[in-house]
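Input: a single structure, listed below in structure tokens.
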Amino acid sequence: MKKVRLFVGIEIDKILKSQISASQDELKKHVIKGKWKDPLNIHITLKYLGPVPIDRIETIGRELERLCSRIHSFSLRLGDIGFFYKAERIKVMWLGVRGDLVQLNDLYSGVENSMEKLGFERENRDFKPHVTLAQNIDFNDDGPIKLDFIKKSDFEIIHVKEICIFESVNIDGKLEYKIIRKYPFKNQ
């Protein structure tokens, strides 16, 4: 059976992706090296599922549909810049999320519980909602000082009205995240 690499997440609209791309361009001025996330791939991950047989997508979808029938829409906004480290190096540079975090955490827990019922392993780390900007970053000398502009950025509000199943596809050596299913919330 053919497998596809899937994750569940929140789609980011084009206007916000454009704002994030502009922030990445500003950050690049202060970085010696790094692998930048393609703005078209930007999203908020709720649950990484990994390689999944294609015949399981419908079952996953039914669980997500059931969950979303109980969820109301909410709003988020991107916040301050943050980092995940590995061996004292910046592994991931990201923008944090603020706003209706109680609803976001409830949604995350619902996705975790729904997927666990289907045999997917629970995440063993705390949920840290974010949008990845870049990986394996090395700043030049003024880089960390110049990050303040992000705090002043007025990012577009994210109106969360649905969740999506994304497929991660490798096209000519480049990852592309395609939405294969959308699950609207109760009040949509």
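The values are calculated or read from the model by the stated rules, or taken from the named source; none is laboratory data. These numbers were taken from a predicted model, which means no experiment stands behind them. FYI the Cβ positions are ideal-geometry reconstructions off the backbone, even for glycines, and counts take in every protein chain you see.
Odds and ends about this structure:
- Hits in region 114-142 (condition: touching a residue at least 40 places away in the same chain (Cβ under 8 Å), surrounded by 12 or more Cβ atoms within 10 Å (Cβ to Cβ) and not in a strand (DSSP E or B)): S114, M115, L118, F120, E123, P129, N140
- Number of the exception - N124 against (1) modelled with pLDDT under 90; (2) at negative phi: (1)
- Positions within region 163-188 being farther than 19 Å from C68 by Cβ and either of a type in the set (V, I, T) or exposed (fewer than 14 other Cβ atoms within 10 Å of the Cβ) (or both), in sequence order: V169, N170, I171, D172, G173, K174, L175, K178
- Cβ-Cβ under 9 Å pairs, at least 6 apart or on other chains, region 80-91 side touching a residue at least 40 places away in the same chain (Cβ under 8 Å) and at negative phi, far side of a type in the set (G, A, S) and surrounded by 12 or more Cβ atoms within 10 Å (Cβ to Cβ): D80/G96; I81/S23; I81/G96; G82/G96; I90/G34; I90/A134
- Being assigned to a helix (DSSP H, G or I) and among the acidic types (D, E) is a condition met by at least one residue of region 59-71.
- Only one of the listed residues (F139, F155, F185) is more than 14 Å from the chain's Cα centre (by Cα), among the aromatic types (F, W, Y) and modelled with pLDDT of 90 or more. That residue is F185.
- Scanning region 29-43 for residues that are surrounded by fewer than 13 Cβ atoms within 10 Å (Cβ to Cβ) and of a type in the set (K, R) turns up K29, K33, K35.
- Residue satisfying condition, being crowded, with 18+ Cβ neighbours inside 10 Å, modelled with pLDDT of 95 or more and closer than 23 Å to N124 by Cα, within set L46, L76: L46
- Subset of region 49-73 that is charged (D, E, K, R) and without any contact (Cβ under 8 Å) to a residue 60 or more places away in the chain - its residue that is surrounded by the most Cβ atoms within 10 Å (Cβ to Cβ): E63
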